[in-house]
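The structure under discussion appears below in the form of structure tokens.
Computed from the coordinates by the stated procedures, all read-outs in this text should not be read as laboratory data. A quick note: this is a predicted structure, and the numbers were derived from the prediction, not measured. Cβ placement follows ideal geometry from the backbone for every residue including glycine, while neighbour counts extend to all protein chains displayed.
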Amino acid sequence: MWRFAEAVERHVKSADYDLVYGLGKTWTHDLLRIGGGTVYHHLASKPKRQWRWKDRAAARIEARAMAPDAYYHVVSNSWQSDDEIAEAYNVPAERRSVIHNFVDTHRFDRTRLSDDVSALAQELRLDDQVPVFLFLGTGYRRKGLEPTLEAFSRLDGEAILLVVGRDSRQAQYQELAQRLGIVDKCRFLGEQSSPERYFSLADCYVLPAYYEPFGFTVLEALSCGTPVITTKKCGAKEVVTSEVATVIDRADDLEALTDAMAYWARLKGDAELKSRCRELALSLDVEEIMAQNYRCILDVYQQKQAARCQT
């Protein structure tokens, strides 16, 4: 990681680029985009004894990347990450911007996928009268699988929980499902190459994250017409409304999480709800977001050219 950053620095110094756009793990850039939150805040939540050597290297690289003379501008994909950058590295407000993510609404489209979704439901032998919850992601602890299982076990009535993704400690979560008496209602399906099928199949997407810089999957679920449960620690809270999502205060607020799951379960099959979810995703206009990115790049380019003219 460190050698790569050094190699990038040498390369950029030997070239004459109009603009260098950094995406992390380097310190040589004009414009830096932070898409996964800060390493600083990620590590602050872990005891130092748990830091790996690459965590320490990433922290040092990020500190250099955020040094006052290392950039012209920093872009985040959520106000949550923007606040982190300001707090950790004192990046001035005029040198920061927030540009939210957008979603591929063609790929994540329940209507287009209707035949695939029907086939998947048959493959999983799902009862079309029973609500289906979906938990999807990598890194089950941070994304909140434990409270999801706990809250799911408290639900009255029939329901199914699909767990899609991977985690080195998956067996521990399966054991937890066994202890909670819900193992027959939980399907651990592993990593899947077509998440859009699962978002379209589900009646509610559950992401009670302890920390999620943005939460791109929230937009993917909404684009498929599926309401969402998440937390105030998820950056995507900034783009949802109460009509299509429940945002709880904390991942470990099991009462609030259970209530939210019960609420969305009651709305299974609500066509108007699916339409509202889809409309919100469509409102995050791709062309406008791309235009924001273009304007930001052009502004930084002009700043760099002006600085060159002064030297």
Counting only backbone N atoms under 13 Å from a point 7 Å out along Cα-to-Cβ of K48, the residues of segment 56-74 in range are 56
Asserting the computed 222 nm helical MRE of the chain (DSSP H runs at least 4 long, -39500 (n - 2.57) per run, divided by residue count, to nearest 500) equals -14000 deg cm²/dmol
Have a look at D16, D30, D253 and tell me which one the Gaussian network model of the chain (Cα, springs below 10 Å) gives the largest fluctuation. D16
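I need the calculated FRET efficiency for the pair L267 and S118, taking r as the beta carbon distance and R₀ as 25 Å, to the nearest 0.05.
For L267 and S118, the calculated efficiency is 0.75.
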For segment 63-203, state the average projected area of the convex hull of the C-alpha atoms over all orientations, rounded to one decimal in nm². 11.6
Show me the GluC sites (Glu not before Pro) within segment 127-188 that DSSP assigns to loop and that have at most 16 other Cβ atoms within 10 Å of their Cβ. E158
Cα centre as origin, Lys/Arg/Asp/Glu Cβ charges: the chain dipole, Debye: 1380
Burial order of peptide ranges 75-84, 90-99 (average beta-carbon count within 10 Å, highest first): 75-84, 90-99
Whole-angstrom gap from segment 280-311 to segment 109-149, using each part's C-alpha centre: 37
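Quick one: if the Förster radius is 45 Å, what FRET efficiency do D18 and V130 give, using the C-beta to C-beta distance and rounding to 0.05?
Once rounded, the FRET efficiency stands at 0.20.
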Which of K13, K237 has the fewest Cβ neighbours within 10 Å, and the rest in rising order: K13, K237
Fewest to most neighbouring Cβ within 10 Å: what's the order for I34, I289? I289, I34
In vacuo Debye sum over C-alpha of segment 82-150, base-10 log of normalised intensity I(q)/I(0) at q = 0.20, 0.24 Å⁻¹, listed in q order, is -1.04, -1.11
Once E6 and V183 are pulled to full extension, the length gained, defined as 0.36 nm per residue separation minus their Cα-Cα distance, is 58.8 nm
Pairwise Lys count, segment 114-283 - Cα closer than 22 Å, eight or more residues apart or different chains: 6
To the nearest 20 debye, what charge dipole does segment 114-283 have about its Cα centre, counting +1 at the Cβ of each Lys and Arg and -1 at the Cβ of each Asp and Glu? 420
Please work out the C-alpha center-to-center distance from segment 200-275 to segment 150-188 and express it in whole Å. 18
Starting from the coordinates of the alpha-carbon atoms of segment 114-283, obtain the Kirkwood hydrodynamic radius over all distinct pairs and give the value in Å to one decimal. 15.6
Please identify every one of the GluC sites (Glu not before Pro) in segment 194-261 that sits in a loop by DSSP and has no more than 15 other beta carbons within 10 Å of its own beta carbon. E243
